[in-house]
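The values are calculated or read from the model by the stated rules, or taken from the named source; none is laboratory data. Given the structure is predicted, the values throughout are model-derived calculations rather than measurements. Note: ideal-geometry Cβ built from the backbone for every residue, glycine included; neighbour counts use all protein chains shown.
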Amino acid sequence: MRLNLRVIIGLVIAVVTLLGYFFNTSTNPVTGEKQHVNMSAQQEIALGVQAAPEMEQQYGGESSDPRATAAVQQVGQQIVKANNLDQKTQYQYRFHLLADDQTINAFALPGGQVFITQGLLKNLTTEGQLAGVLAHEIGHVVARHSAEQVAQSQLTQGLTGAAAIAAYDPNSPGSSVARAAAAAMIAKLVTLRFSRNDELEADKFAVKFTPAAGYNPTSMINVMQMLDKEGGSGGQPEFLSTHPNPGNRIEELQSDIKQVYPQGMPAGLKQ
């Protein structure tokens, strides 16, 4: 009877978790697609602003180079305005250059906080490459990937908890630990799969966003080649720990560019 009760409780938690995930949707103002998110734009902004100082601290704080910082901010805002993202979304886009000149990384927090390290910036050779990196991160923001990840995390945590309750055996306590560990591993794999898909979607956004701002999206291929080279030199960039293999992304980028510009790239775009 106790076992059945635990199973019933576990099933109830699982059902409530699934219903909360699948019936909690919002339409993305840029893509028009329905997404499973449970945060408003204002909540995303607040979360990003709250997390920004901690993220900055991890990378040595804000850069003390005013010229480089201004360049990052200028290119970032140019992409936002050229694509009317400040009108299409409620987000507050802020661009940060981080002082860490050894770590190669760029990332975005929900609500419009975008970061790039000096370590990555110094490896970029053109303004178009910088635009590609920033446009990619802006893509994460407008696609609401962080909000989706929060909802997905809540889903997997709820199902993991339900499974642990249903599978608990008081005569073999260790079994619940093993099952919970296995469930957590599965949840992690699911999260990584979503993350890879998010990165490729952000690349698609960058292919669309950069030309509107006057930049050639093929510059992103040069960025991928640089990252691939850095990854093969022994010291893997932190960027590669959370992003798909650059070689695979080059093929995807080439396909995306060809799809958007089947007749060839418009003239006059900055590399």
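Couple of notes before you dig in:
- Which listed residue is modelled with pLDDT of 55 or more, surrounded by 19 or more Cβ atoms within 10 Å (Cβ to Cβ) and not in a helix (DSSP H, G or I), from Pro217, Pro211: Pro217
- Test: Ala52 is under 19 Å from the mean Cα position of the chain (by Cα) and part of a helix (DSSP H, G or I): yes
- Enumeration of residues in the stretch 65-106 that are surrounded by fewer than 15 Cβ atoms within 10 Å (Cβ to Cβ) and assigned to a helix (DSSP H, G or I): Pro66, Arg67, Ala70, Gln74, Lys81, Asp86, Gln87, Lys88
- Extreme residue, nearest to Ser146 (Cα to Cα), among residues of the stretch 100-131 that are touching a Leu at 6+ places or on another chain (Cβ under 9 Å) and among the polar types (S, T, N, Q): Asn105
- Some residue of the stretch 53-64 being in contact with a helix residue (DSSP H, G or I) (Cβ under 8 Å, 6 or more places away or on another chain), under 23 Å from Met226 (Cα atoms) and buried (at least 21 other Cβ atoms within 10 Å of the Cβ): yes
- On the stretch given as the stretch 27-72, residues that are modelled with pLDDT under 90 and among the acidic types (Asp, Glu) total 3.
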